[in-house]
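Beneath this line is the structure, given in structure tokens, with notes to follow.
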Amino acid sequence: MNRSEAEVRVGQLRAQIERHDYQYYVLDEPTIPDAEYDHLMRELQALERAFPELVTSESPTQRVGGEPLEGFTEVRHRTPMLSLANAFSAEEIEQFHDRVIRGLEVEHVDYVAEPKLDGVAIALHYRDGRLQQAATRGDGNTGEDVTSNARTIAAIPLRLKNGDADRSWPARLEVRGEVYMPLAGFEAYNELARREGRKEFVNPRNAAAGSLRQLDPRLTAQRPLAFYAYALLAGDAMPPSHYEALRLLQEWGLPVNPEVRRVRDAASCLGFYEDMAARRAELPYDIDGVVFKVDRLEQQETLGFVSRAPRWAIAQKFPAQEVVTHLLGVDVQVGRTGALTPVARLEPVFVGGVTVTNATLHNLDEIHRKDVRVGDWVVVRRAGDVIPEVVSVVPERREGELPEFEMPAACPVCGSAVERVEGEAVFRCTGGLFCPAQRIRSILHFASRKALDIEGLGEKLVVQLVETGMVHSVADLYRLERDDLVGLERMGEKSTDNLLAQLERSKTPVLDRLLYALGIREVGEVTATALARHFGTLEAIGAAGEEDLVDVPDVGPVVASHVHAFFQESHNLEILEQLQDAGLRWQPLEGPEGEQPLADQTWVLTGALGMPRARAKNLLEALGARVTGSVSARTTVVLAGAEAGSKLRKAEKLGIDILDEDAFLELLEQHGVSL
Ligand code: IVH
């Protein structure tokens, strides 16, 4: 065969394989046996080997996975990936439906009812019909680039089918859906792992998540992953309803769950739930509930969002699984702020897809309320990814007298006195940073992503550093030398160098991040930014009295007293000094000094933004703007995020300036705020 003949044949083979993929994954109706499909694939591989110049990245043969990556790069979602509100009863679904009816001022609503797959969310970007990028959900704003891995999943088309000529895809579109591991594949994988003495996956969800986050795409390629699409984002090209959007996705070659139905009103939603619950065990994949979405996009828009979840959709979850096991003991764990948490030590028990050996008991009041005693048989519940908890005891199984549980009078880690603040449920170790447990937790917090973001400083390492006495405080981290680190457990030369580079990189934090990293009680990210913004320097914050601190937006008397107390403590001041000696230089917050270019302007924020809303508000206020909650004739600008609803329409009606988030970021940049 010469080159041009090969080119023709390669084209035919690819078209045939893509058609069979579509038959198999989208229509669930394979038309040829597996052996024949493999035969086509092998012929294509042979031709591509003979004529390597004919290989393209979209060829079905390329699903075997490319070179391993060093790490994943971050991807910012242009439209945040939101989560769903949960309902656990029919009553909650009826209440949801009532809110929808009232919000829309209609009598009936169409919903789309979908199974809620238990896998990992993924966003797929197609450009001119080709898969360009795939990203995980991450924190909803920023995920990880898993394109090389997604390419290995046969159910994800590398090229879109054209669909009906007049319903063809737009040049850019985003598809969201769930990557999952079908049960058959999960069991086969574990069976093989067992035989080969490798680690098994605990459940299909972890299997899907672990496989998708492999640095080596060739490993992902060997995992039996599948995919169902559940959302289309296509700007002006959106059809008027979600159901039609799913239809379009299918026409373009994306698999959509065949169980999806269009239903009307709450009663039919509940019927769908009952049906899925009854058939759950027969489905070829794990589901943890069902999802109902208002069908008409226009109605979705009217309803809008509350914080991170849409008002137009809800998940009805299957009841959490509960099992009975023996309570062997109660351990007391010490957190970053010294809070003691009682944790149940259980006879291992399989529940909700994993073996549970620990469960939270929350606090002493809860233990007393439930009358839980060591030696009891207890009911343990595990729902989704939530930490398992002890729900109740089985009183008839208690044998003889068991002593009541009491909190220890001394910290189980450092032996310092334990105190309970009047009116609080929490007991605390008074050891402060003398207590290794608190030290470990505060160092981990200092290094965490939203704080100084020191990659590679994980729990195992920090425990070693603290327990060997190499690190007493966060300042000691910057005194670590290569020789100290190489030779610690799990620390090779490469990870040591990476960690040292990370530490060096972390030496110029922006003031708000440093403030957050210090772990002052009640000072979260937003408060840290507000404080940094208001005072400008750490010295000014340290010198502020409680009466000055409460002037800061977001800061009440409790926060003010914690901040003030932190800077009165000589030990904390010493650590700040040591950090400076080690070369840390905190940077003033980006943005203008003193000048207030947006003074006299009144802004309203609506819709879902990529950055936390409180942050947008802080930034605007720093530039002098007033930020209010409702649109009126006095509003200067409306910042409209994704899926903005009634406020946006009102602004349009009143002829008020509207900015989208990109324009807002540009405006910030113009005013010297770089994010
Ligand atoms: S819609 C704004 N539909 O459930 C709505 N999510 O909390 C965004 N999930 O991690 C999600 N099946 O990956 C939607 N049919 C479905 C789903 C589904 C599973 C997952 C999703 C996300 C979580 C939502």
>> open to solvent by 80 Å² or more (accessible area, probe 1.4 Å), more than 16 Å from the ligand (Cβ to nearest atom) and farther than 30 Å from LYS494 by Cβ: is that true of VAL8 in this structure?
In response: yes
> Quick one: TYR285 ticks every box in (1) of a type outside the set (Lys, Arg); (2) away from the ligand (no atom under 16 Å from the Cβ); (3) over 30 Å from GLU105 (Cα atoms) bar one, so which box is it?
Replying inline: (2)
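State yes or no: is SER211 hydroxyl-bearing (Ser, Thr, Tyr) and more than 23 Å from PRO284 (Cβ to Cβ)?
no
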> Counting only residues that are away from the ligand (no atom under 14 Å from the Cβ) and at pLDDT 95 or above, which one in the stretch 111-130 is most open to solvent (accessible area, probe 1.4 Å)?
Replying inline: HIS125
> When residues of the stretch 428-487 are filtered for being assigned to a helix (DSSP H, G or I) and among the aliphatic types (A, V, I, L, M), how many remain?
Replying inline: 15
>> Taking the condition of being open to solvent by less than 20 Å² (accessible area, probe 1.4 Å) and within 14 Å of the ligand (Cβ to nearest atom), how many residues in the stretch 266-281 meet it?
In response: 3
>> For the stretch 644-657, which positions are hydrophobic (A, V, I, L, M, F, W, C) and crowded, with 18+ Cβ neighbours inside 10 Å?
In response: ALA644, LEU648, ALA651, ILE656
> Among (1) within 30 Å of GLY71 (Cβ to Cβ); (2) surrounded by fewer than 17 Cβ atoms within 10 Å (Cβ to Cβ); (3) among the small types (Gly, Ala, Ser), which single condition is ALA229 missing?
Replying inline: (2)
> ALA608: of a type in the set (A, V, I, L, M, F, W, C) and under 28 Å from the mean Cα position of the chain (by Cα), yes or no?
Replying inline: yes
> Does the stretch 234-260 hold any residues that are within 11 Å of LEU297 (Cα to Cα), open to solvent by 40 Å² or more (accessible area, probe 1.4 Å) and within 15 Å of the ligand (Cβ to nearest atom), and which are they?
Replying inline: MET238, TYR243
> Residue check, VAL306 against (1) within 13 Å of the ligand (Cβ to nearest atom); (2) surrounded by 15 or more Cβ atoms within 10 Å (Cβ to Cβ); (3) under 16 Å from VAL100 (Cα atoms); (4) at pLDDT below 95, all met but one. Which one?
Replying inline: (2)
> Which one of these does ASP28 not meet: (1) open to solvent by 60 Å² or more (accessible area, probe 1.4 Å); (2) over 37 Å from the mean Cα position of the chain (by Cα); (3) in contact (Cβ under 8 Å) with a residue 12 or more places away in the chain?
Replying inline: (2)
> If LYS293 passes every condition in (1) in a strand (DSSP E or B); (2) at negative phi; (3) out of contact with any His (no Cβ under 6 Å at 6 or more places or on another chain); (4) in contact (Cβ under 8 Å) with a residue 60 or more places away in the chain but one, which one does it miss?
Replying inline: (3)
> Residues in the stretch 95-107: is at least one without any contact (Cβ under 8 Å) to a residue 24 or more places away in the chain and within 14 Å of the ligand (Cβ to nearest atom)?
Replying inline: no
>> Within the stretch 309-318, take every residue that is within 12 Å of the ligand (Cβ to nearest atom) and part of a loop (DSSP other than H, G, I, E, B) and give me the one that is modelled with the highest pLDDT.
In response: TRP312
>> Suppose the filter is at pLDDT below 95, touching a strand residue (DSSP E or B) at 6+ places or on another chain (Cβ under 8 Å), in a strand (DSSP E or B) and over 30 Å from GLY607 (Cβ atoms); does VAL343 pass it?
In response: no
> Restricting the search to the stretch 78-94, which residues are over 27 Å from PRO182 (Cβ atoms), away from the ligand (no atom under 12 Å from the Cβ) and part of a loop (DSSP other than H, G, I, E, B)?
Replying inline: ARG78, SER89
> Does THR220 count as outside any helix (DSSP H, G or I), within 26 Å of HIS77 (Cα to Cα) and more than 14 Å from the ligand (Cβ to nearest atom)?
Replying inline: no
>> I need the full set of residues from the stretch 363-373 which are open to solvent by 60 Å² or more (accessible area, probe 1.4 Å) and touching a residue at least 40 places away in the same chain (Cβ under 8 Å), in order please.
In response: ASP365
> Is one or more of the residues making up the stretch 147-159 away from the ligand (no atom under 13 Å from the Cβ), among the hydroxyl-bearing types (Ser, Thr, Tyr) and open to solvent by 30 Å² or more (accessible area, probe 1.4 Å)?
Replying inline: yes
> Which of the residues belonging to the stretch 633-643 are open to solvent by less than 50 Å² (accessible area, probe 1.4 Å) and at pLDDT below 90?
Replying inline: GLY641, ALA642
> Taking the stated definitions as given, is SER57 away from the ligand (no atom under 16 Å from the Cβ), at pLDDT below 95 and surrounded by fewer than 16 Cβ atoms within 10 Å (Cβ to Cβ)?
Replying inline: yes
> Filtering the stretch 174-200 down to residues that are farther than 14 Å from LEU225 by Cα and in contact with a helix residue (DSSP H, G or I) (Cβ under 7 Å, 6 or more places away or on another chain), which residue is modelled with the highest pLDDT?
Replying inline: VAL175
>> With the structure loaded, tell me whether GLU301 is assigned to a helix (DSSP H, G or I) and either crowded, with 17+ Cβ neighbours inside 10 Å or of a type in the set (D, E, K, R) (or both) or whether it fails that test.
In response: yes
> Quick one: how many residues across the stretch 619-646 are touching a residue at least 60 places away in the same chain (Cβ under 8 Å) and basic (Lys, Arg)?
Replying inline: 0
>> Go through the stretch 160-176 and report how many residues are basic (Lys, Arg), more than 16 Å from the ligand (Cβ to nearest atom) and either in a strand (DSSP E or B) or under 24 Å from ALA208 (Cβ atoms) (or both).
In response: 1
> Tally time: how many residues in the stretch 66-98 are surrounded by 13 or more Cβ atoms within 10 Å (Cβ to Cβ) and not small (Gly, Ala, Ser)?
Replying inline: 18
> Just checking, which of VAL263, VAL179 is surrounded by 17 or more Cβ atoms within 10 Å (Cβ to Cβ) and within 13 Å of the ligand (Cβ to nearest atom)?
Replying inline: VAL179
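The values are calculated or read from the model by the stated rules, or taken from the named source; none is laboratory data. Everything quoted here is computed from the prediction, not taken from an experiment. In this analysis, Cβ positions are derived from the backbone assuming ideal geometry, glycine residues included, and neighbour counts consider all displayed protein chains. Areas reflect the complete protein model, heavy atoms only, side chains present, ligands, DNA and RNA absent. Shrake-Rupley method; radii C 1.70, N 1.55, O 1.52, S 1.80 Å.
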